[in-house]
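Notes for the one structure printed next.
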Amino acid sequence: MKLPARPSRRTLLMAGAVGALTVAASAAVPPADAQAATGCAVTYTTSSWTGGFTANITIKNLGDAVDGWTLGFAFPDAGQRVGQGWSATWSQTGAAVTARSVSWNGALATGASTSIGFNGTWTAANPAPTAFTLNGTACTGATTPTTPPPTTPPPTTPPPTTPPPTTPPPGGQTPVAINGQLRVCGVNLCNQYGRPIQLRGMSTHGIQWFARCYNDASLDALADDWRADLLRIAMYVQEDGYETDPAGFTNRVNALVDEAEQRGMYALIDFHTLTPGDPTYNLDRAKTFFAAVSARNAAKKNVIYEIANEPNGVSWATIKSYAEQVIPVIRANDPDAVVVIGTRGWSSLGVSDGSNADEVINNPVNAANVMYTFHFYAASHRDNYRAEVERAAARLPLFVTEFGTVDYTGDGGVDVASSNAWIDLLDRLKISYANWTYSDKAEGSAALRPGTCAGSTYTGPGVLTESGALIRDRIRTPDNFPTA
Ligand code: IDC
């Protein structure tokens with residue numbers, strides 16, 4: 001796993017040696033005999049608000065490979081408590097906090113890092129811990145806690161133990177580096193300079209089924225070879241998804257947000273409701289999930305929230321009511337993030353239910369900085385849908401968070417003409433999009449050939465399907481993001 005290129009907000013670097021027997025033996029000179037070489041570096045960064053905070057911790061193993069680890073530290077203030085954590089099993093007794101590795105991050109090779117974190121609460125003050133232990137032995141390196149005010153920009157040079165950041169794609173800076181925090185302006189998605197932009201990228205398949213497709217090599221390929229701006233993280237709620245393991249899926253989504261961030265891509269967090277189609281069925285789950293991910297990712301610039309994938313069988317009034325209950329939960333933690341709202345008839349702006357975008361135009365969600373979802377499958381949805389999108393785009397901020405080159409089942413042949421007509425329209429209107437799917441499922445919409453995710457190669461002539469080749473060609477053309 002790569003370290004974040006730039007630790008944000010308050011950063012505290014702990015670089016110390018974990019001597020197996022003595023700390024002194026481990027400073028600059030490695031042990032002479034067979035004693036295991038041990039050592040670690042820990043960064044602890046927080047973003048705080050009144051009474052609460054998010055802590056992100058990176059552990060780097062500077063010693064011999066370990067298989068399973070325990071991180072320990074003590075809160076300096078009596079009122080500090082760990083709440084929901086991720087990527088570790090967290091516990092707290094008095095001031096003492098313990099984080100134990102989980103199945104997928106216990107093995108840490110020499111030089112390897114892993115990132116964990118938690119949402120916490122505080123009462124009187126929220127100082128950073130000043131000492132950490134790894135597998136029971138203190139990391140005793142000199143530390144100088146720095147507590148700049150929250151508005152201080154992050155350090156421009158990484159801490160000494162941090163490896164160089166991911167190489168940006170050819171042509172210079174990453175989409176997130178150029179565009180920064182996004183916001184809705186008029187009917188457009190705008191960048192930090194207030195200028196309209198279009199993000200082009202890929203959706204994962206259901207992360208409960210295709211986790212193997214989202215690894216360092218595949219995400220490097222998406223950022224560098226595809227030059228994608230956006231990764232949509234499709235977290236199904238039903239179908240063996242979130243409802244079966246809320247904490248686990250929350251962690252997986254957060255880990256993918258970090259992977260996107262490290263590569264300069266935006267991350268669209270998709271609460272992938274589909275069946276049942278009434279989002280109200282998942283309202284409590286949505287509130288719990290979005291409270292967690294918005295608190296944890298509040299300080300990041302690359303996160304966009306998609307609160308309901310495809311409402312179906314329900315009225316716009318019901319969807320609007322759902323949105324007006326979920327959006328405040330996000331806003332409480334992450335006031336400036338863009339939120340995308342599903343629309344009636346499988347996010348067809350109502351068209352697939354015989355309605356149209358007027359129901360939204362005339363009765364928009366009572367919230368600022370929001371966009372509305374439109375989905376299409378090119379072999380099923382053609383001219384009448386394109387006409388409605390063009391008409392609606394003059395009145396509503398639209399985001400195509402999902403589309404396929406094939407029919408609505410996600411399978412069948414690629415409709416090249418309709419796909420290109422759609423993408424031409426989205427380009428002309430600067431409507432952002434994510435294609436279904438960056439996966440190797442044996443179905444027409446998948447971009448990768450079956451078996452690709454069992455290997456380690458995600459570039460070159462052998463890996464793309466017909467759909468993948470068409471979409472990659474469209475996504476990898478230069479972005480021309482405005483920079484002033
Ligand atoms: C489809 C997948 C398919 C999977 C199915 C499960 O392509 O492999 O078995 O979901 O529900 C959507 C949905 C999206 C669908 C996709 C294709 O958002 O979940 O994925 N689709 O049917 N809306 C329209 C089409």
Requested in this report: Calculate, for the range 286-337, the solvent-accessible area per residue in square angstrom, rolling a 1.4 angstrom probe over the heavy atoms of the protein chains.
Outcome: 27
Query - Estimated FRET transfer efficiency when R0 is 45 angstrom, pair A36-A95 (beta carbons, to 0.05) - result: 0.95
Query - Average projection area in nm² (convex hull over Cα atoms of the range 72-140, one quarter of hull surface) - result: 5.0
Requested in this report: Please report how far the C-alpha centroid of the range 34-80 lies from that of the range 353-415, rounded to the nearest whole angstrom.
Outcome: 45
Query - Mean Cβ neighbour count within 10 Å, used as a protection proxy, ranking 335-342, 211-218 highest first - result: 335-342, 211-218
Report task. Give the shape of the chain as rounded, prolate or oblate, defined through the alpha-carbon gyration tensor: a ≥ b ≥ c are the square roots of its eigenvalues, a/c under 1.5 means rounded, and otherwise the shape is prolate if a/b is larger than b/c and oblate if not. Result -> prolate
Query - Gain in span if fully extended, T110 to S321, counting 0.36 nm per residue against the direct Cα distance - result: 70.9 nm
Query raised in the report: Looking at the square roots a ≥ b ≥ c of the eigenvalues of the Cα gyration tensor of the range 161-293, which shape do they give, rounded for a/c under 1.5, prolate if a/b is larger than b/c, or oblate?
Result: oblate
Query - Orphan Cys of the chain, criterion: no other Cys C-beta under 4.7 Å - result: C40, C139
Report task. Express in nm, to one decimal, how much length is gained between N369 and T130 on full extension, taking 0.36 nm for each residue of separation and deducting their alpha carbon distance. Result -> 82.1 nm
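Report the FRET efficiency, 1/(1 + (r/R0)^6), for N215 and D383, where r is their Cβ-Cβ distance and R0 is 35 Å, rounded to 0.05. Don't skip to the end; give the middle numbers.
Numbers: r = 40 Å, r/R0 = 1.13.
E between N215 and D383, to the nearest 0.05, is 0.30.
Working out 0.36 nm times the residue gap between D336 and K430, then minus their Cα-Cα distance, what length gain in nm do you get to one decimal? Mind dumping the intermediate values first?
Numbers: separation 94, 0.36 × 94 = 33.84 nm, distance 2.12 nm.
Result for the pair: 31.7 nm of gain on full extension.
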Query raised in the report: Any idea how far apart D225 and A177 come out in nm if each label point goes 7 Å out from Cα toward Cβ?
Result: 2.2
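Return the subset of K320/K430; K60/K300; K60/K287 for which the Cα-Cα distance in this structure is over 29 Å, preserving the input order.
Numbers: K320/K430 25 Å; K60/K300 22 Å; K60/K287 34 Å.
Violating the 29 Å limit, Cα to Cα: K60/K287.
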Report summary line: Checked against the positive end of the charge dipole of the chain (+1 on Cβ of Lys and Arg, -1 on Cβ of Asp and Glu, about the Cα centre), the farthest of S321, T114, G39 is G39
**Report entry** Approximate spin-label separation D411-A78, in nm, with each point projected 7 Å along Cα-to-Cβ
**Finding:** 6.4
Query raised in the report: Over the chain, what percent of the accessible surface lies on carbon and sulfur atoms, probe 1.4 Å?
Result: 54
Requested in this report: Run the quick spin-label model on D284 and E466: label points 7 Å from Cα toward the beta carbon, then report their separation in nm to one decimal.
Outcome: 4.7
Query raised in the report: Which of A74, N254, G350 sits closest to the plus end of the dipole of the chain, meaning its Cα is farthest towards the positive end, when Lys and Arg get +1 and Asp and Glu get -1 on the C-beta?
Result: A74
Report task. Filter the chymotrypsin sites (Phe, Trp or Tyr not before Pro) in the range 67-113 down to the DSSP loop ones having no more than 15 other Cβ atoms within 10 Å, then list what survives. Result -> W104
**Report entry** Net charge of neighbours whose Cβ lies under 12 Å from the Cβ of F118, counting Lys and Arg as +1 and Asp and Glu as -1
**Finding:** +2
Report summary line: For the range 400-484, shape from the Cα gyration tensor axes a ≥ b ≥ c, cut at a/c of 1.5 then a/b versus b/c, turns out oblate
Query - Candidate residues I361, I423: accessible-area rank, largest first, probe 1.4 Å - result: I361, I423
Query raised in the report: Hey, with R₀ at 41 Å, roughly what FRET efficiency would D358 and T121 work out to, going by the Cβ-Cβ distance, to 0.05?
Result: 0.35
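Please report, in cubic angstrom per residue, the volume enclosed by the convex hull of the alpha-carbon atoms of the range 286-387.
Each residue corresponds to 106 Å³ of Cα convex hull volume.
The values are calculated or read from the model by the stated rules, or taken from the named source; none is laboratory data. None of these values were measured; they are calculated from a predicted model. In this analysis, Cβ positions are derived from the backbone assuming ideal geometry, glycine residues included, and neighbour counts consider all displayed protein chains. Surface areas here come from the heavy atoms of the whole protein model, side chains and all, with no ligands, DNA or RNA. Shrake-Rupley method; radii C 1.70, N 1.55, O 1.52, S 1.80 Å.
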